[in-house]
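Here the structure comes first, spelled out in structure tokens, and everything after it is commentary.
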Amino acid sequence: MSWRRFGIVFAPDGKQPWARSHAALPVPVHIAEDIFRFFYSSRDAERRSHVGWVDIEVSERPLIRDIASEPVLSPGIDGTFDDSGVGIGCITEADGAFALYYMGWNLGVRSPWRNAIGVAMAEMPQGEFKRFSAGPILDRSPEDPYTLSYPCVLRFGPQDWRMWYGSNLAPAVGNADMQHVIKTATSRDGIHWTRDDAVVVGFATPSEHALARPSVVKVGDGLLMCFACRGDKYRLGAASSGDGVTWTRLDDKMGLGPSDDGWESEMTCYPALFWHRERLWLAYNGNGYGATGFGLAVWEGELP
């Protein structure tokens, strides 16, 4: 039982001014039949992240069908929380609309950056995404005093929304200081959130110091999460849960590490789980945090 890799599927050609490099943080949204629109974060010449998309036929031989000529979300105006970049976390459908949850950031002085979580809305995934507000929907707080990162949001009912997101346990001025774990929040409308400060997924080994970009899907009566683990190398970890709060790590069974060579030889990171034709698929990044684009894998065997 393992992930069967299909290799790299897409990387920007560098011709677009908003996508000089990177196809980081892939987020698949089903369009029709085998076609998925994969939203991703690219970087311009100033290394500011924008959100674009590529349409891919998801099959045994993945094919690119269309590529965005313009971003659907760009950095905010100077002085806003996301003026230095927007990193997509997920897209959640509810009541005929699509909510794009993302991490926005400002560059800092004494610390490298300040992150917060925002949301933009569209009537359809092929449409224009507009910010809900100029400010974030989750910012630093007593529960999250240092930073927040890439959210994953699922809606279980009309007034039952759940978010999993990254949060630092200590102030960080360098990578080794991160102590970045996964927490959870609840909401009645997908906009206003309640946090309890509990760590729901923490470190499994002494070398780990960051868990980021959770992706959660329903599996039977439970939930499955995949996320990036940072230790000696970035790799993908996994965990299962019956309630979304208590999680059991499954890295040995469902994790995905770097390959021996090629586009993902140095790291695997920023996963996105999704179902297609009753099979569990995985989109993820490789070397350079998405500098080499993103690839696909499919799960073969029984699920936990």
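A short reminder: the numbers here are calculations on the coordinates, not readings from a lab. On a predicted model such as this, the values are computed, not experimentally measured, just so you know. Note: ideal-geometry Cβ built from the backbone for every residue, glycine included; neighbour counts use all protein chains shown.
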Seminar exercise, completed: Rounded to the angstrom and largest first, Cα extents along the principal axes for the stretch 2-300 equal 48, 42, 40
Problem set entry | Distance in nm between pseudo-label sites at Thr248 and Ala170 (7 Å out along the Cβ direction from Cα) | 3.1 nm
Problem set entry | For the stretch 59-203, average projected area of the Cα convex hull in nm² | 11.0 nm²
Problem set entry | Full-extension gain in nm, Asp34 to Thr186, via 0.36 nm per residue minus C-alpha separation | 51.5 nm
For this session: Pull out a ≥ b ≥ c, the square roots of the eigenvalues of the alpha-carbon gyration tensor of the stretch 1-142, then state rounded if a/c is under 1.5, prolate if not and a/b is larger than b/c, and oblate in the remaining case.
Result: prolate
Exercise. Can you sort His192, His180, His209, His276 by how many other beta carbons sit within 10 Å, fewest first?
Worked result: His192, His276, His209, His180
Problem set entry | Among the listed pairs Lys15/Lys253; Lys183/Lys218; Lys15/Lys130; Lys15/Lys233, those beyond 28 Å (Cα-Cα) | Lys15/Lys253; Lys15/Lys233
Exercise. So if we plug the beta-carbon distance of Phe156 and Gln126 into 1/(1 + (r/R0)^6) with R0 = 25 Å, what FRET efficiency do we get, rounded to 0.05?
Worked result: 0.45
Exercise. Can you give me the Cα centroid spacing of the stretch 285-304 and the stretch 188-238 in angstrom?
Worked result: 16 Å
Exercise. Going by the alpha-carbon gyration tensor, a ≥ b ≥ c the square roots of its eigenvalues, is the stretch 17-94 rounded (a/c under 1.5) or, if a/c is not under 1.5, prolate (a/b greater than b/c) versus oblate?
Worked result: prolate
For this session: Subtract the Cα-Cα distance of Asp13 and Ser69 from 0.36 nm times their separation in residues, and report this length gain in nm to one decimal.
Result: 19.0 nm
Exercise. Tell me, in nm to one decimal, what length is gained between His276 and Ile77 on full extension, where the rule is 0.36 nm per residue of separation less the Cα-Cα distance?
Worked result: 67.9 nm
Seminar exercise, completed: Per the stretch 108-153, sqrt(5λ) over the Cα gyration tensor eigenvalues, sorted largest first, in Å, gives 26, 12, 9
For this session: Would you work out the charge dipole size for the stretch 239-304 about its Cα centre, treating the Cβ of every Lys and Arg as +1 and the Cβ of every Asp and Glu as -1, and quote it to the nearest 20 debye?
Result: 240 debye
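Counting pairs of alpha carbon atoms under 8 Å apart in space and at least six apart in sequence, what relative contact order in percent does the stretch 153-215 give?
Once normalised by length, the contact order is 32 percent.
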